[in-house]
1. Mind listing the long-range amide H neighbours of Val52? Cut-off is under 5 Å, sequence gap 5 or more, other chains count too, H placed in the peptide plane at 1.01 Å from N.
2. How far is it, in nm, from the label point at Ser12 to the one at Val30 when both lie 7 Å from their Cα along the line to the Cβ?
3. What are the residues whose amide H is under 5 Å from the amide H of Arg150, where those residues sit 5 or more places off or on another chain and H is modelled from the backbone?
4. Could you pull out every residue, at least 5 positions away or on a different chain, whose amide H is within less than 5 Å of the one on Ile69? Hs are placed 1.01 Å off N in the peptide plane, and Pro or chain starts have none.
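Where a number appears in this text, it was derived from the coordinates with a stated rule and is not lab data. Keep in mind the model is a prediction, meaning the values are calculated, not measured. Here Cβ is always computed from backbone atoms with ideal geometry, including for glycine, and neighbour counts include all displayed protein chains.
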Amino acid sequence: MGFLVKRPPKLSSGAREFVREHPEEARVAVAVALETAAAQSGAERVRSAAEVPARLRRFVVDRTDEDLIGVTEAASRLGVSRTTVYDWAARNTLIAWRSTKRRLNIPAGQIVGPGRVADGLAEVVDVVGEPELAWAFLSQEWPFDGGMARPIERLRSGGLDEVLSAAAGFGATFT
């Protein structure tokens, strides 16, 4: 994917005002735009922050501390069989994606308790388009009416409608 312009366009007065009045939301918008460009270009993920130009490092999402577990651990935490975990992953009841042919990555943060995951995960995946991108959306801070919050936290507290509205904006960038 190449860009048709060599320099970024100048921001409109409305965009400049938005950046001044809402710097955190602007940072999130830029991060989403960069992730979108990377996803659409098929670019491989950068291996380390050192490979990112200094001016862009603040937009890099560090996922190294994210708690990704496998099928056996997920089954143990949920108190269900491995077969159930695979079934839930296939239906997006549980968000999971393959990192290798045999390895399924499952974010532990979606597990609420024995036999329970956050409600609405399948709907979020439907809106965003794929499980790994859906988890990227759910695990990063996002602007909501009440301020910045991680969408997975809003799902846990019953805010499915507001999360789906936000996911529509996130998912629309990938179509």
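1. Under 5 Å from the amide H of Val52 lies no amide H from a residue far enough along the sequence or on another chain.
2. 2.0 nm
3. Trp142
4. Under 5 Å from the amide H of Ile69: Ile106, Ala108.
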